[in-house]
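J.: Sharing a structure with you now.
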Amino acid sequence: MSTDFFIPDPEGQVPTAEGYFGPFGGKFIPEALVAAVDEVAAEYEKAKGDPTFAAELNDLLVHYTGRPSPLTEVRRFAEHAGGARIFLKREDLNHTGSHKINNVLGQALLTKRMGKTRVIAETGAGQHGVATATACALFGLDCTIYMGEVDTERQALNVARMRMLGAEVIAVKSGSRTLKDAINEAFRDWVANVESTHYLFGTVAGPHPFPALVRDFHRVIGVEARRQVLERAGRLPDAICACVGGGSNAIGIFHAFLSDETVRLVGLEAAGHGVESGEHAATLTAGDPGILHGSRSYVLQDEDGQITEPYSISAGLDYPGIGPEHSYLKDIGRAEYYPVTDDEAMQALRLLSRTEGIIPAIESAHALAGALRVGRELGPEGLLLVNLSGRGDKDMDTAARYFGLYDTPQGDAK
Amino acid sequence: MSGNIQLLTKALATARAENRAALVGYLPAGFPTVADGIAAATAMVEGGCDIVEIGLPHSDPVLDGPVIQTADDIALRGGVKIVDVIRTVGEVHEATGAPVLCMTYWNPVDRHGAERFAEELAAAGGAGCILPDLPVEESAGWRAAAERHGLATVFVVAPSSRDERLAKITAAGSGFVYAASLMGVTGTRESVGAQAADLVSRTRACTDLPVCVGLGVSNAEQAAEVAGFADGVIVGSAFVKRMLDAPDTPSGIAAARELAAELATGVRKR
């Protein structure tokens, strides 16, 4: 296959040299990390211009990941969405079960190029952790994954997968014991071990160059989907729905459509028990600009700039920040972001399972819930593209408890 | 009212004139409570600290190890606010006459407003600010506010900082330069990295500002070692740890005072 899977921002929006998308982004990091972050940026610039890098990555994306991922039309599900046509971009069918592998393989190649021997990563739902552990097994790199203790409990299957792959999984017990705290701990590790270690950041947040670099590795999602939907439906979709935690799968599918002005870009964030309840992770709906994990973006914070603890049933969306490019897309009005509650997401998860035989991740179920809403707005003439960013195997325990699918009651003291 | 950058410069010059290193002690505000934190920092000066850094406890202290994380948690659960941090700076300065800086992650200042924060810190008698996650490239707005209000902006340099960055950072900073002794987060260490002496000498090649060394120093012996090549010795986690380990607050404050006295002996043995 030709080298059209890895296409770094050929005409799309590029951040400034300082890493800014409008007022968002930048590089708010301690001095001890400046050299390492600059090294990542420099190596990535070199790699972008190196045909060997693109060829190696493309080979992996085809023969290891299984790209291109299919586009599946979901007719029975669409009956519940006002009759609009709905296509799912099946990132759940990638090796390791989510979109995360796209970025991980790219950064694993960069790690080798930089001569580093150890990789650390944060993970929420465990999908980025599993993908990272997978790439480290493939490339023979030492791997340590930081995961909030709350998440190691609710995503126990992924913890076992990571350990099976040879990674060390460290349960983080500080703060809210979720994704935010896993990132804090990974940064602490990186500061101390930066000589040997690459921080394989898993989303389009963090200090420059990560928001642009991670996005570039995920652009393939939208590039493929745009071509596929044109082939199958003969036109561009009216709207694209994707879930946003940090925002990597969403930016991946949005980016190839940025200049298609008729295509609405709709991000769905986790509203937990409802935005008004205060227990949510709806950063773009309820947050304000601030600094978290190395860049300026919307964050959930109090009046003193303390980050507030987020909540979502979905470990992958349970994050009080968001990638800076999403903040920019929101402010310039190019993308829209709406909250989806736990209950709406779980209903959508069950609906897709029972109408199409596809069990989505709880994260991706937020996008499906959004699609049900947007589809009803669009009516029967509507055409919708949904990024099905991950599969739901990891969430079966949570779902079984939520819907009462176990024969005998399961204790909560797991 | 203008901030006390001059008092800071004077304290460092006095130590130099006495042929010793200055002792800089750190404590987060609101730990264990606002009032007891003020008492503890005051005791640290009475014990022998020349300069005090008051930490602004943060929800996400990515540069701090478990000891300071624990203290920050206690302070935040106790409801400490920015106004309490400023008050702590003011009261410790007033009680001791020592220069008092604030050490804080950038987001609370950004959220509060750099100009407003600088104004309030200066009005309380603060001497300056250390902002460990604000790189020099993003610091112009803060530095302008700090300068208007007579506050020092102390930048951190690290063993990984290349010489050209050291030149850029030290040219932008004021008061002193904070040299991180090793690559890592705050916390006590068995030994102070050999990288520290090298970093100090590379930093001195760029600037006439005093260079103080922090991270890892916990006892008089280490303080003496660092005092052999630096203008100041910064100790944080060791104070917090003594207080966390104490059976009650009065003995915690006494332990902080004792540690300051031990370290003060150390910085005089260069």
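J.: What ³J(HN,Hα) values, in whole Hz, does the Karplus curve 6.51 cos²θ - 1.76 cosθ + 1.60 give for region B:128-139 when θ = phi - 60°, with x put for Gly and Pro?
T.: These are the phi-based 3J(HN,Hα) values: x, 9, 10, 10, x, 10, 9, x, 3, 5, 9, 9 Hz.
J.: Using the Cα centre of region B:5-267 as the reference point, and only Cβ charges (+1 on K/R, -1 on D/E), how large is the resulting charge dipole? Debye, rounded to the nearest 20.
T.: Dipole size: approximately 360 debye.
J.: Which of the DSSP-defined H helices in chain B satisfy a minimum axial length of 15 Å, computed from C-alpha atoms, and a minimum mean Kyte-Doolittle hydropathy of -0.5?
T.: What comes out of the filter, once short or polar helices are dropped, is B:5-17, B:34-47, B:66-77, B:82-96, B:249-267.
J.: If you add up the charges near A:N103, with Lys and Arg at +1 and Asp and Glu at -1, over every other residue whose beta carbon is less than 10 angstrom from its beta carbon, what do you get?
T.: Charge balance in the 10 Å sphere: +1.
J.: Restricting to Cα atoms and excluding each atom paired with itself, what does the Kirkwood estimate give for region B:46-118 in Å?
T.: 13.2 Å
J.: Residues of region A:290-326 with amide nitrogen under 17 Å from the 7 Å Cα-to-Cβ point of A:R113?
T.: Inside the label zone: nothing.
J.: Under the √(5λ) rule applied to the eigenvalues of the Cα gyration tensor, what semi-axes describe the equivalent ellipsoid of chain B? Give them in Å, descending.
T.: 24, 22, 17
J.: I would also like to ask the following. Please give the Cα centre distance for region B:199-270 versus region B:146-191, rounded to the nearest Å.
T.: Between the Cα centres of region B:199-270 and region B:146-191 lies a distance of 16 Å.
J.: Right, next: Could you size up the charge dipole of the protein assembly as shown around its Cα centre, putting +1 on the beta carbon of Lys and Arg and -1 on that of Asp and Glu, and report it in debye to the nearest 20?
T.: Once rounded to the nearest 20, the dipole reads 1060 debye.
J.: List, in order, the whole-Hz ³J(HN,Hα) value for each residue of region A:124-135 obtained from phi through the Karplus relation with A = 6.51, B = -1.76, C = 1.60 and θ = phi - 60°; use x for Gly and Pro.
T.: Those phi angles translate into x, 6, x, 5, 5, x, 5, 4, 5, 4, 5, 5 Hz.
J.: Taking 0.36 nm per residue of separation and subtracting the Cα-Cα distance, what length does fully extending B:A167 through B:D208 add?
T.: 13.6 nm
J.: Here's another thing I want to ask about it. Counting only the backbone N, which residues of region A:354-382 are under 18 Å from the spot 7 Å out from the Cα of A:T262 toward its beta-carbon?
T.: Only A:375, A:378-382 pass the distance filter.
J.: For A:Y337, enumerate residues with amide H under 5 Å from its amide H, sequence gap 5+ or separate chain, H modeled in the peptide plane.
T.: It is A:G267, by chain and number.
J.: May I ask you to sort A:R219, B:R268 by Cβ crowding, counting other Cβ atoms within 10 Å and putting the fewest first?
T.: The most exposed by this proxy come first: B:R268, A:R219.
J.: Would you calculate a helix-derived [θ] at 222 nm for the protein assembly as shown, using -39,500 (n - 2.57) for each DSSP H run of n ≥ 4 and dividing by the full residue count, to the nearest 500?
T.: Mean residue ellipticity, 222 nm, calculated: -14000 deg cm²/dmol.
J.: Another question, if that's okay. What residues qualify as long-range amide H neighbours of B:D64, i.e. H under 5 Å apart, gap of 5 or more or another chain, H built at 1.01 Å from N?
T.: B:T186
J.: Another question, then. Quick check: the distance between the Cα centres of region B:1-67 and region A:139-198, to the nearest angstrom?
T.: Here the answer is 34 Å between Cα centres.
J.: Inside 10 Å of the C-beta atoms of B:100-113, what's the mean count of C-beta atoms belonging to other chains?
T.: Across the residues of B:100-113, the mean count of other-chain Cβ atoms within 10 Å is 4.
J.: Let me know the mean shielding of B:62-74 by other chains, meaning the per-residue number of their Cβ atoms within 10 Å of its Cβ.
T.: What the average comes to for B:62-74 is 3.
J.: Going highest first, how would you order A:246-257, A:69-80, A:327-338, B:129-140 by mean Cβ packing within 10 Å?
T.: Packing order, densest peptide first, comes out as A:246-257, B:129-140, A:327-338, A:69-80.
J.: Roughly how crowded by other chains is peptide B:55-61, in terms of the mean Cβ count from those chains within 10 Å of each of its Cβ atoms?
T.: Neighbouring Cβ atoms belonging to other protein chains average 6 per residue here.
J.: Here's another thing I want to ask about it. Just check region A:35-184 against the gyration tensor rule for me: Cα atoms, a ≥ b ≥ c as the square roots of the eigenvalues, rounded for a/c under 1.5, and otherwise prolate or oblate depending on whether a/b exceeds b/c.
T.: Taking the square roots of the gyration eigenvalues as a ≥ b ≥ c, region A:35-184 is oblate.
J.: Now for a separate question. Under 10 Å, Cα contacts only: if you run a Gaussian network model on chain A, which one of A:F403, A:F21, A:F201 comes out with the highest mean-square fluctuation?
T.: Maximum fluctuation in the GNM of chain A, among the listed residues, is at A:F403.
J.: Length gain on complete extension for the stretch B:E46 to B:A13, per 0.36 nm per residue less the alpha carbon to alpha carbon distance?
T.: Length difference between fully extended and current span is 9.9 nm.
J.: Here's something else I'd like to know. Among rounded, prolate and oblate, which fits chain A when a ≥ b ≥ c are the square roots of the eigenvalues of its C-alpha gyration tensor, a/c under 1.5 means rounded, and a/b larger than b/c means prolate?
T.: Cα axes put chain A in the rounded bin.
J.: I would also like to ask the following. Of A:K27/A:K89; A:K46/A:K180; A:K330/B:K81; A:K100/B:K168; A:K89/A:K394; A:K48/A:K100, which pairs sit farther than 26 Å apart, going by alpha carbon to alpha carbon?
T.: Where the Cα-Cα span goes over 26 Å, the pairs concerned are A:K27/A:K89; A:K46/A:K180; A:K330/B:K81; A:K100/B:K168.
J.: Applying the Karplus parametrisation 6.51 cos²θ - 1.76 cosθ + 1.60 with θ = phi - 60° to the phi angles of region A:328-333, what ³J(HN,Hα) value in whole Hz is obtained for each residue in order, glycine and proline being reported as x?
T.: Karplus-based 3J(HN,Hα) across region A:328-333 equals 5, 4, 5, 5, 8, x Hz.
J.: Using only Cα atoms, locate the centre of region A:224-238 and the centre of region A:367-409, then give the distance between them in Å, rounded to an integer.
T.: The distance from the Cα centre of region A:224-238 to that of region A:367-409 comes to 22 Å.
J.: In region B:23-57, which residues have a backbone nitrogen under 17 Å from the label point lying 7 Å from B:D245's Cα in the Cα-to-Cβ direction?
T.: The answer is B:26, whose backbone nitrogens lie closer than 17 Å to the label point.
J.: Label points 7 Å out from Cα along the Cβ direction at A:L236 and B:Q6: separation in nm?
T.: 6.4 nm
J.: Say each of A:E279 and A:Y64 gets a label point 7 Å from the Cα, pointing the same way as Cα to Cβ; how far apart are those two points in nm?
T.: Taking the two extended label points, one gets 4.1 nm.
J.: I want to verify a result. In a Gaussian network model of chain B, Cα cutoff 10 Å, which of these has the top mean-square fluctuation: B:P66, B:P32, B:P99?
T.: Of the options given, B:P66 has the highest mean-square fluctuation.
J.: Please list the non-local residues whose amide H lies under 5 Å from the amide H of A:Q301, H modeled 1.01 Å from N, same-chain partners needing a gap of 5 or more.
T.: Result for A:Q301 returns A:D288, A:T308.
J.: Let me see the P(r) profile for region A:157-313: every Cα-Cα distance counted, bins of 10 Å, each bin given as a percent of all pairs.
T.: Computed distribution, short to long bins: 10, 30, 34, 20, 5, 0.
Quick note: the coordinates plus some simple rules give every number you see, no bench work behind them. Keep in mind it's a predicted model, so treat the numbers as computed, not measured. FYI the Cβ positions are ideal-geometry reconstructions off the backbone, even for glycines, and counts take in every protein chain you see.
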